[in-house]
1. I need the phi-derived Karplus couplings for the range 10-26: 6.51 cos²θ - 1.76 cosθ + 1.60, θ = phi - 60°, integer Hz, Gly and Pro marked x.
2. Can you tell me the orientation of helix 284-296 relative to the chain, as the angle in degrees between its alpha-carbon axis and the longest Cα principal axis, to the nearest 10?
3. Give a residue-ordered list of calculated ³J(HN,Hα) values for the range 134-140 (Karplus: 6.51 cos²θ - 1.76 cosθ + 1.60, θ = phi - 60°; whole Hz; x for Gly, Pro).
4. Tally Lys/Arg at +1 and Asp/Glu at -1 over every other residue whose Cβ is under 11 Å from the Cβ of His227; what's the total?
5. Regarding the range 129-279, what is the average projected area of its C-alpha convex hull, in nm²?
6. Would you mind telling me which residue in Met96, Met55, Met262 has the biggest mean-square fluctuation in a Gaussian network model of the chain, where springs connect alpha carbons within a distance under 10 angstrom?
7. Round to a whole angstrom and tell me the spacing of the C-alpha centers of the range 186-208 and the range 141-184.
8. Where the centroid of each part is defined by its Cα atoms, how far is the range 297-334 from the range 256-282 in Å?
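Just so it is clear, none of the values below were taken in a lab; they were calculated from the coordinates. Note that the coordinates shown come from a computational prediction; the quantities given were computed from them, not determined experimentally. Virtual Cβ from ideal backbone geometry, glycine too; neighbours counted across all protein chains shown.
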Amino acid sequence: MATRSREVRLKSRPVGMPMAENFEVAAVDLPDPGPGEILVRNSWMSVDPYMRGRMYDRPSYVPPFALGEALQGGAVGTVVKSNDPKFSPGDLVESMFGWREAFVAPAAAVTKLQNAGVPAQAYLGVLGMPGMTAYSGFHRIGEPKAGETVFVSGAGGAVGATVCQIAKIRGCTVVASAGSDQKTAWLRSVGVDATVNYKTAGNLLKAVQEAAPKGIDIYFDNVGGAHLEVALEVARPFARFIECGMISIYNATEPPPGPRNMSYIVGKRIRMQGFIVIDYIDMREQFYADMTQWVKEGRIKWEETIANGVENAPKAFFNLFTGGNSGKMLVKLD
Ligand SMILES: NC(=O)c1ccc[n+]([C@@H]2O[C@H](COP(=O)([O-])OP(=O)(O)OC[C@H]3O[C@@H](n4cnc5c(N)ncnc54)[C@H](OP(=O)(O)O)[C@@H]3O)[C@@H](O)[C@H]2O)c1
C-alpha cells in the first residue's frame, strides 16, 4: 500500500526576508521501495541558515533549490521497509532528503547512525553538520592555542554555542555575542567568560572592547556585517578569522558595503579564511570521537528550539533571521 507523506516545497524565490507565500505544503503518495531501496519515516528535520542561499537562483557551492520541489536538507528518521540487506526496519538513519515526512530512496544515499547514547536529533546538531562545522573550522583555520582569546558571533545558535564550548575545552578565553539576555546567560552557564547582547549593547565596539580588553586572537564569524567590523578593530596581530557564515546579510536585496576597516588585515597580519564544512571531511572520524566523548562527559551541552509538524518548517526557518531559536532549530515529526 502506498505511504502518504507531506512535504514543504519552494513555491517562489524570496526577495528579502522569506515569507509564508514562498512555501507550500503538498501531500504525495510514495511507492513501495524497489530493489536496493528503503522507505524511511523522518522523526526530525533540520532547519538551517544555509538553506536561504539555496533559495537564490545563482551559482554557489551547492545548486539552488528547484521551484515546486521539496526543500533538501538534513533529517533523521527510521527505516520502515528495506529492500537492501544492510538496512532493517527500525534502523536510525540520517539523510539529506529534507523537509518531508517520509521518502523512498536508494539505501546507499542514507547513513546508518550508531546509537551513541544521545537523542536522535543530536545527529542534526552537536553530532551532526553544525557540530562538525564548529569543530573543523575552529581547529583547522583557528589553530587555537591555550591562553588565546576567541570571539564568537551568533554564539547562541547551533554552531556558535558549540564553538564557544570547544574553545573552552582548548583552554581559551571566550567572548561571545548573541541577541538576547536569555542566550547570553546560557552561554555564561556553560563557561563562556564574557558575553555581549548585541541588540541592547548600544555601542558594539565598546562592549566587545570591555569584554576582551586585551583584544582577540581568533574570530569565529557566523554573522558578518557590524560584528566583522568590530572584530577587525579588536584583533591582535596575527589573529585568525574563521569565516563560517554571514547571516546578517543573507536577506539583503543589494550587496551591503564591506567592513570599512579592512586595511587592518595588512597591519595586523590577519589571516581570514572562509570554509564550507565539507572541505574538512577528513576530520570526521576525529570529530565523532572527540565530540561523543565530550558530550558523554558533559563538557558540551546544547539547547534546542523545536517546531512541531512539517507544515511549521517555514515558520521555524523565519525564526533563524529574527533570533527566535536558542541552539539548534529543529522540526519534530509525529
Ligand atoms: N560554512 C559552513 O559550512 C556552515 C555550516 C553551517 C552553518 N554555517 C553558518 O553558520 C552560522 C550559524 O548557523 P547555525 O546553524 O548555528 O544557525 P543559528 O545560529 O542556530 O541560527 C541563526 C542565529 O543567527 C542570529 N542572527 C540572525 N540574524 C542576525 C543578525 N542580523 N545579526 C546577528 N545575528 C543574527 C540569530 O541569533 P541572535 O538572537 O543572536 O540574533 C539566530 O538565532 C550561519 O551564518 C550559517 O550560515 C556555515
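1. 7, 8, 8, 7, x, 10, x, 4, x, 10, 3, 5, 7, 10, 9, 9, 10
2. In the chain, helix 284-296 runs at an angle near 80 degrees to the longest axis.
3. Going residue by residue, I get 4, 5, 6, x, 5, 6, 6 Hz, with x marking Gly and Pro.
4. Here the charged neighbours net out to -3.
5. Details: hull surface 33.8 nm².
Across all orientations, the range 129-279 yields a mean hull projection of 8.4 nm².
6. Comparing Met96, Met55, Met262 in the GNM, the peak value goes to Met262.
7. Computed from Cα coordinates, the inter-centre distance equals 11 Å.
8. 28 Å
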